[in-house]
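Working notes, structure below.
The values are calculated or read from the model by the stated rules, or taken from the named source; none is laboratory data. Just so you know, these numbers come straight off a predicted model, no measurement behind them. All Cβ positions, glycine included, derive from the backbone under ideal geometry; neighbour counts span all protein chains shown. When the accessible area is computed, the model is the full protein with side chains, heavy atoms only, and any ligands, DNA or RNA have been set aside. Shrake-Rupley method; radii C 1.70, N 1.55, O 1.52, S 1.80 Å.
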Amino acid sequence: MRQRTPRFASALLLGVLAAACGVQSKGVELGGPVPTTESGPSRTTAVAPSTTRTIGPVVDDGVVKAVVTPTGVVAAVRSVRADGSYVVVSPCAREVTIAKATPVPRVHVVLDPGHGGAADPGSVGKSGLTEAQLNLVVAELTKAELEAVGVSVALTRTTNSYLSLAARGAIVTSLAPAAFVSIHHNGGPNRTAPTPGTEVYYQVADEVRSKRLAGLVHEEVVAALATTGLASWSWYDDAGVKVRVNDQGGDYYGILRHAAGVPSALVELAYLSATAEEEALLRTDEVRRLEAGAVARGIVRFLTTDDPGSGYVGPSRRTAEATGGGTSGCVDPPLQ
Ligand SMILES: [Zn+2]
């Protein structure tokens, strides 16, 4: 199936042009000039995007690369058997055969709501809001923002359930989108600052695409969150855009490692578990939409411009261990 929907291409073009002109498209402001924030430790300067290319239709060779199982689990497809059943990568990263599933079409972008389920809630706010829940809401809103301008999107999970990093990575590399963003909210700041403490990690092995994607997402998110007027944001000293390297010289974060070959970024939008004020912001629809719009704009600018992004800092020297996302003791949910 090549160019399955001619309408799609024109919708996409219109959407991108609308974005470039700062015109509202279905209520979404994807490309309007964003505020400039030159003060504060991040030294972020957001600039109006300049469209230099449009996004073509997704190339789909008709080979099923991922499916949604009858129980709503998204899974990478390893192979399709002669009887039509699928060999898929389960949430615990095991190969499992399922008789029936709904194919996931090829997409421009894959979004990953970080963490999931009781076994991996991520950071937890003082009022009990989990990062797993919040990341899913923001990812769904980001998907809607992108789709409104003709950018097709798949999510790695659509429910609050456990999904190993290996299974997430399998979905990403299988679908091979033009961009991949893993959406998170942070914990463990070491100070506060007057500007948002947003962090975006890129892949060690991709200093061009992954780095620019991370820089553009950072630029948009910091500019968007700054409009909330919060006076004191949670921060860690190395906030900004960076790599974090493991002992072997590869990406410390498993999701970036497992997504190797696809331009990828992991964004820690803001801190969920530090102050009541910041958590209260993250409980509002308004700020969630602000985050989603910003991530979407960053992705669209990555796909349509050569803008460099900003907020780059040196490699992270964090020592705290990341937790969750492994397959040890993992119990797969019913898949059919
Ligand atoms: Zn996280």
Inset, instruction - Might you check whether a residue that is assigned to a helix (DSSP H, G or I) and either among the charged types (D, E, K, R) or out of contact with any Gly (no Cβ under 8 Å at 6 or more places or on another chain) (or both) occurs anywhere in the stretch 184-206? - result: no
Legend entry - Filter result (farther than 14 Å from residue 137 by Cβ and over 14 Å from the mean Cα position of the chain (by Cα)) within the stretch 259-278: 260, 261, 271, 273, 274, 275, 276, 277, 278
Legend entry - the stretch 115-134 residues that are at pLDDT 95 or above and more than 10 Å from the ligand (Cβ to nearest atom), paired with ones that are open to solvent by less than 20 Å² (accessible area, probe 1.4 Å) and assigned to a loop (DSSP other than H, G, I, E, B) (beta carbon under 6 Å, 6 or more apart): 116/157; 116/163
Inset, instruction - Please enumerate the residues belonging to the stretch 121-136 that are assigned to a loop (DSSP other than H, G, I, E, B) and open to solvent by less than 10 Å² (accessible area, probe 1.4 Å). - result: 125
Legend entry - Total residues in the stretch 188-212, condition within 16 Å of the ligand (Cβ to nearest atom) and at pLDDT below 95: 2
Inset, instruction - Return only the number of the condition from (1) touching a helix residue (DSSP H, G or I) at 6+ places or on another chain (Cβ under 7 Å); (2) assigned to a helix (DSSP H, G or I) that residue 303 does not satisfy. - result: (1)
Inset, instruction - Scan the stretch 46-94 for residues that are exposed (fewer than 13 other Cβ atoms within 10 Å of the Cβ) and either touching an Asp or Glu at 6+ places or on another chain (Cβ under 9 Å) or not in a loop (DSSP other than H, G, I, E, B) (or both) and jot them down. - result: 50, 52, 53, 79
Legend entry - Scope the stretch 157-187; condition within 22 Å of residue 206 (Cα to Cα), within 16 Å of the ligand (Cβ to nearest atom) and hydroxyl-bearing (Ser, Thr, Tyr); matching residues: 182
Legend entry - Of all residues making up the stretch 253-281, the number that are of a type outside the set (Gly, Ala, Ser) and either surrounded by fewer than 20 Cβ atoms within 10 Å (Cβ to Cβ) or away from the ligand (no atom under 13 Å from the Cβ) (or both): 9
